[in-house]
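First comes the structure, then the notes that go with it.
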Amino acid sequence: MTQEDKKLLYKDLAARLPYKVKVKSSRRTIVMALTLDIINDFYLGCDVKPYLRSISTMTEMEYLQLDNIMNKRFGEALDLDISGRFENNDNQKEVKAIEVLGCSEAIDYLNSIHIDYRGLIEKGLALPAPEGMYE
């Protein structure tokens, strides 16, 4: 694993900590929920791979929820833009802040449903979650 891959996986694991993502660790032989101890194992060089769902496994309801999150925030930003107040520098910052909130809410949602939005499965840094693992 390259240093770049290690940093990417570490960031991803840390972001998923609150969402009880399941992982496989070379130090422990069972599948378990991610904990700080497991992140420490990874940091110390143990092989740790999260079980993630590919984007293609998202249900229609999950897509609709993600779309709702994005539309809500970007709609708020668009409303500010359309209102004609966008020329003001403070309002430009407000629009950007709303867009960032939309992105962070979307990422939190994708983490909560264990979606691999970074392409970790294809890179061999994560394992595909068996169907029903997160039900």
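The values are calculated or read from the model by the stated rules, or taken from the named source; none is laboratory data. None of the values given here were measured: they were computed from a predicted structure. Cβ sites come from the backbone with ideal geometry, for glycine too, and all protein chains shown count toward neighbours.
Restricting attention to the stretch 1-34, and to residues there that are in a loop (DSSP other than H, G, I, E, B) and within 22 Å of Glu105 (Cα to Cα), which single residue is modelled with the lowest pLDDT? So the residue we want is Leu34. Screening the stretch 58-83 for residues that are polar (S, T, N, Q) and more than 17 Å from the chain's Cα centre (by Cα) and picking the one that is modelled with the lowest pLDDT gives Ser83. Residues in the stretch 9-23 that are buried (at least 19 other Cβ atoms within 10 Å of the Cβ), of a type outside the set (Val, Ile, Thr) and without any contact (Cβ under 8 Å) to a residue 40 or more places away in the chain: 1 in all.
Are any of the residues in the stretch 110-119 in a strand (DSSP E or B), within 25 Å of Gln3 (Cα to Cα) and at pLDDT 85 or above?
yes
Could we say that Tyr43 is within 25 Å of Leu17 (Cα to Cα), modelled with pLDDT under 95, assigned by TED's automatic domain parsing to the domain that holds Ser26 and among the hydroxyl-bearing types (Ser, Thr, Tyr) here? Yes. For the stretch 84-107, indicate whether the set of residues that are more than 24 Å from Pro130 (Cβ to Cβ), at pLDDT 80 or above, polar (S, T, N, Q) and outside any strand (DSSP E or B) is non-empty. Checked against the condition, which is being more than 24 Å from Pro130 (Cβ to Cβ), at pLDDT 80 or above, polar (S, T, N, Q) and outside any strand (DSSP E or B), the stretch 84-107 yields at least one hit.
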